[in-house]
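For reference, the structure discussed in these notes is given below.
Bear in mind that the values in this text are calculations on the coordinates, not laboratory data. Just so it is clear, the structure is predicted and the values come from calculations on it, not from any experiment. All Cβ positions, glycine included, derive from the backbone under ideal geometry; neighbour counts span all protein chains shown.
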Amino acid sequence: MKPIEFTEFELENGLHCIVHENHIAPIVTLDVWYHVGSKNEAPNRTGFAHLFEHLMFQGSKHVGKTEHFSYVQEAGGTLNGSTNFDRTNYYETLPANQFDLALWLEADRMASLNVNEENFENQRSVVIEERRQRYDNAPYGRVYEELHKRAYIHHPYRWIPIGSIAHLQEATVEDAQRFYKTFYAPNNATLVVSGDVSAKEAREKIEKYFGDIPRNGDVPRPKNEDAPLTEEIRDTFYDNIELPAIFIAYRICNATSSDADVLDVISALLSNGRSSRLYRNLIHEERLAQSVATHASANEHDGLFHISLIAQQATPLAELEKRFDEELQKIVEGNITEYELEKAKNSAEMTLTRRFSNNFGVADSLAYFHTFFGSASEINQEMKRVESVSLDDVRRVAKKYFGEKKRVVLYWLPRSMKLSG
C-alpha cells in the first residue's frame, strides 16, 4: 500500500489542521475531532460528552436549530458525529464545490454554539430516552456498563459514554456551558480535510473560517492511572433475554503500546470468521455457543479485551466458560501455527486497507494518530506494525494479559430462570 501523504499546520489559536489530497473523485470530507470524551467528565456529571454530540446540532449564531442537517443534505452530502471514552468527532462528506459550507458550519458551532436552557432541556430528554431504549430496556443492553464499572477501580473508564440518568437529571444548563467552554475550543481540536482540494486552498479557507475563533485555557487531562485487578470478579444478572450468555473483560494496554496490534491479531485468531478458534470449536463442532465475539479496545488509556459468548439454549454456562478458557490457554501456551497467524494478520490488514480506501477512513485515521499518538505520520506505520507480529509476540502478549484470571466475568441469564429457580 502506498504511503498516505498529507500536510499539517497549526493556527495561532491552537487548531491543528491536516490535509490529505485525493483527486480521484470530486468529493471532500471534513472531520473535526475534539479531544474530549466521557473520561473527561466529573464522576457526578457523567454523560456530558455524549449530550454534546446532540447539542452540537441544535444551532449556533448563524445556523438555526437542526439546520446543520438540512444544509448538508440539501447540498448532496452526508454527516454524523460520534462519542467515545476519549474523543468526540463530527464530520461531513460533500461535493468538493461545497467545501466552504462544511467549514462555515463547523466553525460557527465551534465559536458560538447555542447552549441555552431550551436546547439543554430538550436534548437531555432525548439522551435519557436513548439510554432507556438502547441500554436499560434492550437485551444485553447493560453488559458494557456492568463490565466497565467492575473492571476499573478509580479511572473514569469505569462509566460509559451514555452516562447516568440521575446525573443528567441533576445537571444544570450552567454545567453544560462550562463543559462547552472548557473542551469545545480550537486548541482542543484537530481538523482533517481529505479529498478533492489542494493543500494551499484548504489552508487559506481554514484560516478564513477558523482563524478568529479564540483559544481557551489549558484543557484538564485525567491521568492513565488505576489500581490493578488482583483477582477474578464474578457476578450474575437476570434479563429479558432468550439465550444465556457470558461476558468477560481483561484489562490491557493503551493504543500506543506495540502490544495493541498483537492483541488485535489475537482477537482475529479467536473469533474473526468461520475458521477462527472459537467459531470452529464452540459453534460449528461442539454446538455450545450461538455466537462468539472478541474485541481488543486499546484506548487512549489502558483498555479492555472484551469476550462475548452467547450460549445455545441448553448449554450450561459453566461448560461454555470452561471450553473458552481452554481455547484461550492454548494461545497463552503458544499453540498456534504460522498459517493461523498469517490468516489473522491478513484479516487485520484487509480491515486497514478498507479503512484507507475512502476519504472518511483516511481523515479519521489521521485525526486518531495525531490525537492519541502525537503524530499523524503513524498512519503509515500501522500496516507495518501488523505485518511484523510474530508467533513469539502472540505468545508473549497472550501470557502477559491472559496468563492469570485477573478479569471480570458476568453470567447473563434469562429472567425466567430466576423466577423458576
### Query
At what distance in angstrom do the alpha carbon centres of the stretch 54-99 and the stretch 349-413 lie from each other?
28 Å
### Task
Could you tell me which helices of the chain pass both thresholds, a Cα extent of 30 Å or more along their own axis and a mean Kyte-Doolittle hydropathy of at least 1.6, with helices taken as whole DSSP H runs?
none
### Query
Along the Cα-to-Cβ line of Ala25, 7 Å from the Cα, sits a label point; which residues in the stretch 160-199 have backbone N less than 16 Å from it?
194-197
## Note on the structure
Each label sits 7 Å from Cα toward the beta-carbon; between Ser258 and Arg274 the label points are separated, in nm, by 3.7 nm
## Note on the structure
Within the stretch 7-210, pairs of Lys residues whose Cα atoms are less than 27 angstrom apart, provided they are eight or more positions apart or on distinct chains, add up to 11
### Shape call, the stretch 233-420: gyration tensor on alpha carbons, a/c limit 1.5
prolate
### Message
Can you compute the equivalent ellipsoid semi-axes for the chain, i.e. the square root of 5 times each eigenvalue of the Cα gyration tensor, sorted largest first and rounded to whole Å?
### Response
39, 27, 19
### Query
How far, in nm, would the chain grow between His154 and Gln169 when pulled straight, counting 0.36 nm per residue and subtracting the alpha carbon separation?
3.1 nm
#### Entry: Proximal lysines relative to Lys345, as straight alpha-carbon distance under 26 Å, when same-chain residues fewer than 8 apart are discounted
Lys2, Lys330, Lys384, Lys399, Lys400
### Query
Looking only at trypsin sites (Lys or Arg not before Pro) in DSSP loops with at most 10 other Cβ atoms within 10 Å, what is the longest site-free stretch of the chain?
62-222
### Task
Quote to one decimal, in nm, the extra length available between Lys330 and Glu201 on full extension: 0.36 nm per residue of separation minus the C-alpha distance between them.
40.9 nm
### Task
Run the quick spin-label model on Ser82 and His295: label points 7 Å from Cα toward the beta carbon, then report their separation in nm to one decimal.
0.9 nm
### Query
Given only helices, namely DSSP H runs of n ≥ 4 each adding -39500 (n - 2.57), what is the per-residue ellipticity at 222 nm of the chain, to the nearest 500 deg cm²/dmol?
-12000 deg cm²/dmol
### Query
Can you give me the Cα centroid spacing of the stretch 132-164 and the stretch 269-348 in angstrom?
23 Å
### Query
Taking the Cα-to-Cβ direction at Glu349 and at Thr236 and moving 7 Å from each Cα, how far apart do the two end points lie in nm?
4.7 nm
### Task
Among Glu404, Glu285, Glu327, rank each residue by its count of other Cβ atoms within 10 Å, from fewest to most, as a rough exposure measure.
Glu285, Glu404, Glu327
